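The values are calculated or read from the model by the stated rules, or taken from the named source; none is laboratory data. Treat the numbers as computed from the prediction; the structure is a model and nothing was measured. Cβ: placed from backbone, ideal geometry, glycine included. Neighbour counts: every protein chain shown. Accessible surface areas use protein heavy atoms only, side chains included; no ligands, DNA or RNA. Shrake-Rupley method; radii C 1.70, N 1.55, O 1.52, S 1.80 Å.
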Amino acid sequence: MHRFFVEPGQISGSTVVISGEDFKHITKVLRLGKDDRIEVCDGLGNDYLIVLDSPTDRTISGYIKSQEPSQGETPELLITLYQGLPKGTKMEMIIQKGVELGVYEIVPFSSLRAVVQIKDKQDKKIERWQRIAYEAAKQSKRGIIPQIGTPLTLAGVLQETDRYDLILLAYEDENRQTLKEALTAFEKKQDADKPLRIAVIIGPEGGFDPQEAACQAAGVISVSLGKRILRTETAGMMVLSQLNFWK
């Protein structure tokens, strides 16, 4: 069934009103109309089965036949991916796959070894990245649209550590602690009665400078992802997959 996101304000009682690009897609591309059914999500974790009415010139409405919690969310685990800026279009793929794997938020950052720095056309890039997150959330039946944050420096990332219960930094030269060991140690002391907020920090193609990786004082736990060196677009997806399995 075709799925769309709506703002909560588009829902009034038992009626949903859709306009803009989604209206065009429903009526012009999919050619749906009266008595056809679609699924909409309010971005707050609620899914609605909608029976459409006849379209007007600019909107199409429908009535809510049923409502249920979104099945595509894990509310007990909220993961923010801090991604070192990669070259080319790799960020687009990272966002798409990260959303599919359940990330709550993605924040790009620059660091000492980053080849790419966002300076020009920053707003346009973020707008495009947010659209990719939207499309990926639709495709994977997420209950929210993960937000793409404004790019930070690594120092800026470390200033946000008090937002999280656990902060993991994937570092290729870490040889003392694996991701599994860090999660096992954390599990022994976690509070099971509240959602876990976890930050995952992934470096760019050049990796982290040693002085950047030595940031345990900020509450960051450096972990190894194994003996193989992973590309930046692979490392984050590996961590997200393992966190899904862990939780």
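Looking only at region 144-191, which residues are in contact with a Lys or Arg (Cβ under 8 Å, 6 or more places away or on another chain) and of a type in the set (D, E, K, R)?
Once the filter is applied, which keeps residues that are in contact with a Lys or Arg (Cβ under 8 Å, 6 or more places away or on another chain) and of a type in the set (D, E, K, R), region 144-191 yields R163, D165.
Quick check on my filter: what residues within region 37-56 are aliphatic (A, V, I, L, M), open to solvent by 20 Å² or more (accessible area, probe 1.4 Å) and touching a Ser or Thr at 6+ places or on another chain (Cβ under 8 Å)?
Hit for region 37-56 is L49, nothing else.
I'd like to know if region 23-36 contains one or more residues that are in a strand (DSSP E or B), at pLDDT 95 or above and either under 20 Å from I145 (Cβ atoms) or open to solvent by 30 Å² or more (accessible area, probe 1.4 Å) (or both).
no
What's the total number of residues in region 81-101 that are surrounded by fewer than 23 Cβ atoms within 10 Å (Cβ to Cβ) and at pLDDT 95 or above?
Residues meeting the conditions: 6.
With the condition kept exactly as written, say whether any residue in region 171-185 is over 22 Å from V223 (Cβ atoms) and open to solvent by less than 40 Å² (accessible area, probe 1.4 Å).
No, that holds for no residue.
Has region 4-27 got any residue that is under 30 Å from Y164 (Cα atoms), in contact with a strand residue (DSSP E or B) (Cβ under 8 Å, 6 or more places away or on another chain) and not β-branched (V, I, T)?
Checked against the condition, which is being under 30 Å from Y164 (Cα atoms), in contact with a strand residue (DSSP E or B) (Cβ under 8 Å, 6 or more places away or on another chain) and not β-branched (V, I, T), region 4-27 yields at least one hit.
Picking from Y82, Y63, which residue would you name as being of a type outside the set (A, V, I, L, M), assigned to a strand (DSSP E or B) and in contact with a helix residue (DSSP H, G or I) (Cβ under 9 Å, 6 or more places away or on another chain)?
Values: Y63 fails: in contact with a helix residue (DSSP H, G or I) (Cβ under 9 Å, 6 or more places away or on another chain).
Just one listed residue meets the conditions, Y82.
Out of the residues in region 155-170 that are farther than 22 Å from E233 by Cα and touching a strand residue (DSSP E or B) at 6+ places or on another chain (Cβ under 6 Å), state the one that is most open to solvent (accessible area, probe 1.4 Å).
Across region 155-170, the extreme among qualifying residues is D165.
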